[in-house]
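**Q** Attaching a single structure in C-alpha cells format; questions to follow.
Every number here is computed from the coordinates shown, using simple stated rules; none is lab data. Treat the numbers as computed from the prediction; the structure is a model and nothing was measured. Every residue, glycine among them, receives a Cβ derived from its backbone with ideal geometry; neighbour counts consider all protein chains shown.
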Amino acid sequence: STEWALAQRPVGLPQQSDFEKKTVEIADPGPGEIQVQNSWMSVDPYMRGRMYDRESYVPPFGIGETMTGGAVGRVTASNNPDFQVGDLVQSMNGWRTAWVGDPATAMAVKLPGDTGLPDSAFLGVAGMPGLTAYAGILRVAELKEGDTVFVSGAAGAVGSTVVQIAKIKNCTVIGSAGGPDKCAFVKSLGADHVIDYKEAKGFDGLVAALREAAPKGIDVYFDNVGGDHLTAAIEVARPMARFAECGMIAQYNETGTPVGPHNIIQVVGKQLKIQGFIVSTHADMQPAFLADMAKWIAAGQMKFQETVMEGIDKAPDAFIGLFSGANTGKMLVKLG
Ligand code: NDP
C-alpha cells in the first residue's frame with residue numbers, strides 16, 4: 001500500500017514537505033480481519049485541525065503515522081463472516097491505497113450496492129458532508145419555510161448541499177463563494193443571490209452585498225468560513241436569527257491570534273442563537289438523511305459536483321487545494 005503520513009506539523013498553510021510517503025506491505029487478513037483495496041479517499045478541512053498537537057473532538061495525527069480519513073473500497077480478502085470479497089466498504093482508513101485489519105477499528109461499514117449512486121458519493125453528498133449539511137441546516141439552524149438563508153462556502157461539498165436543501169424547503173438563499181465560476185455554479189444550484197467574496201472584499205463589502213440581496217436581513221446563517229463572513233452575518237441578522245456554526249475555514253491556517261467579530265454585542269439585542277455543531281452528534285438523523293437524499297437526487301433536486309485528483313500521489317495537493325478553493329463541490333482523490 002502507498003500511504004501518507006504527517007512528516008511534521010504544518011505552520012500556516014500546509015506544504016507538500018509536511019507530508020511523507022510510505023510503502024507498507026499488506027499481509028493476508030488475520031482472524032476476524034478484512035483486506036481492502038481503496039478506490040476513493042476524501043480530503044476534508046477538519047483534517048487540518050488534526051495536524052495541530054492539541055486536544056480537540058478528534059485526537060491529533062501522530063508524526064510518522066499514516067493519516068486517517070474517509071475512504072471507499074472493495075474487500076479483496078476476508079476472514080470476517082460479515083464481509084465478503086467484492087463488498088463495497090466505507091472506512092476511516094483513507095490516505096492509503098490498501099489496508100488489512102479489524103473492520104471495527106477501521107470503522108468499516110458495508111455500503112448498499114443498489115443505490116444507483118457512484119461509489120464516491122458516499123464520501124460527499126450521501127456521506128459525512130451531506131449529513132453535515134442536512135443536520136446543520138434542518139436541526140441546528142431550525143430551518144423554516146420562507147426563511148432568508150445565507151450560506152458561506154456555498155460552492156463546496158457542505159455548502160452546495162445546504163443551498164439545495166434550503167431551496168427544497170422554499171427558502172430564499174444567498175450563497176457566497178470565491179470567483180465568478182463558483183458563483184455561477186451556486187446560481188445553477190438554485191440560489192437566489194450569489195456573492196463573490198473575493199470581489200466584495202472584507203466586512204464592509206460583504207455587508208453591502210448582503211443588504212442588497214436581503215434588504216430585510218437574514219433569518220439563518222450557515223457558516224463554513226468564519227471571519228468577515230460571520231461578522232457580516234451578525235450585522236445583517238434579523239432579530240431571533242439562527243446561526244449554524246459548521247466551520248471557520250478562513251481561520252484554520254491562522255498563525256497569530258484571530259480577531260473576533262467586533263459587533264458581537266448585537267447577539268444580545270437581536271437575541272441571536274449561535275450554535276456550533278459536530279456532525280457525529282447527529283448520527284441519529286442518518287436514516288432520514290439517506291431517505292431524503294435518495295428522494296431528492298432521484299427527483300433531480302439535489303445535484304452534486306466533484307473535483308477529482310487522480311492517484312494517491314496527489315493526496316497532499318488535493319488537501320492543500322481546499323484552502324485555495326481548488327475544488328468545486330466535493331474534493332476527492334481517485335485511487336488505483
Ligand atoms: P469545501 O468543499 O467547502 O472546501 C473548502 C472550501 O472553503 C474551498 O473550496 C474554498 O472555497 C473555501 N475557502 C477556503 N479558504 C477560505 C477562506 N479563507 N475564506 C473563505 N472561503 C475559503 O469543504 P467542506 O464542504 O468539506 O467543508 C466546509 C466547512 O464545513 C469547513 O469549514 C469544514 O471544516 C466544515 N465541516 C464541519 C463539520 C462539522 O461536523 N462541524 C463536518 C464537515 C465539514 P472558495 O473558493 O469559495 O473560497
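**Q** For a test of the definition: using alpha carbon positions, the gyration tensor, and the 1.5 limit on a/c, classify region 143-203 as rounded, prolate or oblate. Show your work: numbers first, answer last.
**A** Numbers: a/c = 2.12, a/b = 1.64, b/c = 1.29.
Prolate, because a/c is 1.5 or more and a/b exceeds b/c.
**Q** Follow-up. Which far-off residues, 5 or more places away or on another chain, put their amide H under 5 Å from the one on Thr76, with H placed in the peptide plane?
**A** Here Gln35, Val36, Gln37, Gly86 satisfy the definition.
**Q** For the Cα atoms of the chain, what angle does the longest principal axis make with the long axis of helix 227-236, in degrees from 0 to 90, nearest 10?
**A** 40
**Q** Gain in length, Glu310 to Val85, computed as 0.36 nm per residue apart minus the alpha-carbon separation, to one decimal in nm? All intermediate terms of the calculation are to be shown ahead of the outcome.
**A** Numbers: separation 225, 0.36 × 225 = 81.00 nm, distance 2.49 nm.
The Glu310-Val85 span can extend by a further 78.5 nm.
**Q** Let me ask something else about it. Go through region 28-85 and name the chymotrypsin sites (Phe, Trp or Tyr not before Pro) that are in a DSSP coil and have 11 or fewer other Cβ atoms within 10 Å of their Cβ.
**A** On the way: sites: Trp40, Tyr46, Tyr52, Tyr57, Phe61, Phe83; in loops: Tyr52, Tyr57, Phe61, Phe83.
Here the sparse-neighbourhood loop sites are Tyr57.
**Q** Is the shape of the chain best called rounded, prolate or oblate, per the rule: a/c under 1.5 gives rounded, else a/b larger than b/c gives prolate, else oblate, with a ≥ b ≥ c the square roots of the Cα gyration tensor eigenvalues?
**A** On the way: a/c = 2.12, a/b = 1.59, b/c = 1.34.
Taking the square roots of the gyration eigenvalues as a ≥ b ≥ c, the chain is prolate.
**Q** So who's got an amide H within less than 5 Å of the one on Met51, skipping anything under 5 residues away but keeping other chains? H placed 1.01 Å off N, in plane.
**A** Phe61
**Q** For the chain, what is the calculated [θ] at 222 nm in deg cm²/dmol (nearest 500), taking -39500 (n - 2.57) for each run of four or more DSSP H residues and dividing by its residue count?
**A** Numbers: 10 runs with 83 residues, N = 336.
Helices in the chain give a 222 nm mean residue ellipticity of -6500 deg cm²/dmol.
**Q** Sticking with this structure for a sec: What are the ³J(HN,Hα) values, in whole Hz, obtained from phi via the Karplus relation 6.51 cos²θ - 1.76 cosθ + 1.60 with θ = phi - 60°, for each residue of region 273-285 in sequence order, with x given for Gly and Pro?
**A** 10, 10, 10, x, 7, 10, 4, 4, 5, 10, 4, 5, 7
**Q** Highest mean first, how do 152-160, 232-240, 327-335 rank when packing is the count of other Cβ atoms within 10 Å averaged over residues? Please list the in-between numbers first.
**A** Working: 152-160: 29.7, 232-240: 20.6, 327-335: 22.9.
Highest mean packing first, the order is 152-160, 327-335, 232-240.
**Q** Can you pull the one-decimal nm distance between simple spin-label points at Ser324 and Ala291, each 7 Å off the Cα toward Cβ?
**A** Reported label-point gap for Ser324 and Ala291 is 4.5 nm.
**Q** Can you tell me the dipole magnitude for the chain around its Cα centre, using point charges on the Cβ only (Lys, Arg +1; Asp, Glu -1), in Debye to the nearest 20? Mind showing how you got there, number by number?
**A** Working: 28 positive and 36 negative charges, 172 e Å.
Rounded to the nearest 20 debye, it is 820 debye.
**Q** Taking the chain as a Gaussian network, where each spring joins two C-alpha atoms under 10 Å apart, which residue of Pro316, Pro60, Pro258 fluctuates the most?
**A** Residue with maximal mean-square fluctuation among Pro316, Pro60, Pro258: Pro258.
**Q** Report the extension gain between Ser56 and Lys169 in nm, rounded to one decimal, defined as 0.36 nm multiplied by the number of residues separating them, less their alpha carbon distance. Don't skip to the answer; put the middle values down first.
**A** On the way: separation 113, 0.36 × 113 = 40.68 nm, distance 3.38 nm.
This chain segment gains 37.3 nm when fully extended.
**Q** Next question, about the same structure. If each residue of separation counts as 0.36 nm, what is the full-extension length gain between Asp284 and Gln15 once their alpha-carbon separation is subtracted? Each step should come with its number before you reach the end.
**A** Numbers: separation 269, 0.36 × 269 = 96.84 nm, distance 3.70 nm.
Using 0.36 nm per residue and subtracting the Cα-Cα distance, I get 93.1 nm.
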